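I have placed the structure first, in the form of structure tokens, so that the comments after it can refer back to it.
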Amino acid sequence: MSDLKPKELESAEFAFEVFKTDGTLDATLLGKFVYCCGLNPSVDRLKKSGMAEKEGQKKFKYEELLPIISELKKEVKDQGCYEDFIECLKLYDKNANGLMLSGELSHSLLTLGEKLTDDEVDELLTDCLGEEDDEGQIEYTPFLRRMCELDPPLKPKKKK
């Protein structure tokens, strides 16, 4: 029995249908699967949940994924939210005017917390970052709103 809501079960079933092969989900795709279910755990947490590094090492049946989603969902309250991110970026707002250097944002995304790759940062900035001013500064609040999906991204997501 699952403690997931009907809408969460529907998302999980849809994501499983998208990613499954031969009726199972390859464990290398666990991160993409749970992301489609509205969760964003760390890589370390995904590994603890059974994510594999090499294709074919492990496979999940749909029923095996539901407890994983349920457990990860319980941990969501420990993750940062939009307001937490605003407070973090205010540290870079030297004039307290809602602006920070775009280079500092890139550097932070590449080096702090669970580090992103150059390609991931480029994609995030392309999708969510507005224009920088003549001094290389950006408004970080609209960026965070787009990143946290409170506002639509600047560039529509590519369909696969």
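Within segment 8-28, does at least one residue satisfy the condition of being closer than 16 Å to Glu64 by Cβ, in contact with a Phe, Trp or Tyr (Cβ under 7 Å, 6 or more places away or on another chain) and small (Gly, Ala, Ser)?
Within segment 8-28 (the criterion being closer than 16 Å to Glu64 by Cβ, in contact with a Phe, Trp or Tyr (Cβ under 7 Å, 6 or more places away or on another chain) and small (Gly, Ala, Ser)), the answer is yes, since at least one residue qualifies.
Among the residues that make up segment 58-67, is at least one of them buried (at least 18 other Cβ atoms within 10 Å of the Cβ), under 16 Å from the mean Cα position of the chain (by Cα) and outside the structural domain of Leu109 (by TED's automatic domain parsing)?
No: segment 58-67 contains no residue that is buried (at least 18 other Cβ atoms within 10 Å of the Cβ), under 16 Å from the mean Cα position of the chain (by Cα) and outside the structural domain of Leu109 (by TED's automatic domain parsing).
Select, from Leu112, Leu89, Leu101, the only residue that is among the hydrophobic types (A, V, I, L, M, F, W, C), over 19 Å from the mean Cα position of the chain (by Cα) and over 30 Å from Asp22 (Cβ atoms). Spell out the reasoning first.
Numbers: Leu112 fails: over 19 Å from the mean Cα position of the chain (by Cα); Leu89 fails: over 19 Å from the mean Cα position of the chain (by Cα).
Criteria check complete, one pass: Leu101.
Considering only residues that are assigned to a loop (DSSP other than H, G, I, E, B) and exposed (fewer than 13 other Cβ atoms within 10 Å of the Cβ), which ones fall in segment 96-129?
Our first condition is that a residue be assigned to a loop (DSSP other than H, G, I, E, B); within segment 96-129, this holds for 96-98, 112-117, 129.
The answer is Ala96, Asn97, Leu112, Gly113, Glu114, Lys115, Thr117.
Asp93 fails exactly one of the following numbered conditions: (1) part of a loop (DSSP other than H, G, I, E, B); (2) surrounded by 15 or more Cβ atoms within 10 Å (Cβ to Cβ); (3) without any contact (Cβ under 8 Å) to a residue 40 or more places away in the chain. What is the number of that condition?
(3)
Just checking, how many residues over segment 18-46 are assigned to a helix (DSSP H, G or I), at pLDDT 95 or above and of a type in the set (D, E, K, R)?
0
Checking Ala52 against (1) out of contact with any strand residue (DSSP E or B) (no Cβ under 7 Å at 6 or more places or on another chain); (2) assigned to a helix (DSSP H, G or I); (3) not assigned by TED's automatic domain parsing to the domain that holds Gln137, only one condition comes out false. Which one?
(2)
The values are calculated or read from the model by the stated rules, or taken from the named source; none is laboratory data. None of these values were measured; they are calculated from a predicted model. No Cβ is skipped: glycine too gets one built from the backbone with ideal geometry, and neighbour counts run over all protein chains shown.
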